[in-house]
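Enquirer: Supplied in structure tokens, the structure appears directly below.
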Amino acid sequence: MSRPPIFLNLLKIQLPVAGLSSILHRISAVGIFLLFLPFTFILVLALNSEDGFNKATFFLDLFLVKTFLSLLLIGLIYHFMSGIRHLIMDFGYWSTLRSGKYSAIGTIFLSILFSLILIIQIW
């Protein structure tokens with residue numbers, strides 16, 4: 001009979017790529033949830049009037065806001081790509097360990113590629 005570990009150091013556990021992809025999918029969902037409210041406020045401000053639009057463009061030129069917008073877009077892109085990966089897995093494809101590993105690597109790679117393209121356009 002095996003006993004559970006008494007002290008579990010989460011920083012020393014080596015996750016497989018598919019596990020890392022799953023955790024990043026959940027972290028991106030939390031990030032999207034937290035960052036959507038301020039950007040929804042900026043969108044409503046921009047759509048109300050011309051003065052509100054000018055204020056919104058001022059906000060979007062700030063370094064901190066651009067940084068948070070970049071994080072929001074990275075989270076959205078990764079969450080979308082990983083969601084497509086999970087849907088494909090729900091249809092019965094990529095269910096082996098090998099194909100799951102390669103699909104996770106592909107998801108991370110494509111997310112980084114698309115994120116870099118959008119970040120270059122933002123900055």
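Enquirer: Across the Cα atoms of segment 17-122, what radius of gyration and what greatest pairwise Cα-Cα distance (Dmax) are found, in Å?
Expert: Final numbers for Rg and Dmax: 16.9, 56 Å.
Enquirer: At 0.36 nm per residue, minus the direct Cα-Cα distance, what do ILE27 and HIS86 gain on full extension? Give it in nm, one decimal, please.
Expert: 19.7 nm
Enquirer: At 7 Å along Cα-to-Cβ for each site, give me the label-to-label distance between SER49 and ASP61 in nm.
Expert: 2.0
Enquirer: Tell me, what HN-Hα J-couplings in whole Hz come from the Karplus equation 6.51 cos²θ - 1.76 cosθ + 1.60 at θ = phi - 60° for each residue of segment 48-60, using x for Gly and Pro?
Expert: 6, 7, 5, 5, x, 5, 5, 5, 5, 5, 5, 4, 6
Enquirer: Can I ask one more? About its Cα centre, what dipole magnitude does the chain give when the only charges are +1 on Lys and Arg Cβ and -1 on Asp and Glu Cβ, stated in debye to the nearest 20?
Expert: 700
Enquirer: Cut-off 10 angstrom, C-alpha nodes, Gaussian network model of the chain. Which of LEU72, LEU11, LEU47 fluctuates the most?
Expert: LEU11
Laboratory data are not the source of any read-out in this text; all were calculated from the coordinates shown. These numbers were taken from a predicted model, which means no experiment stands behind them. Don't worry about glycine lacking a Cβ; one is built from the backbone with ideal geometry, like all the others, and counts go over all protein chains shown.
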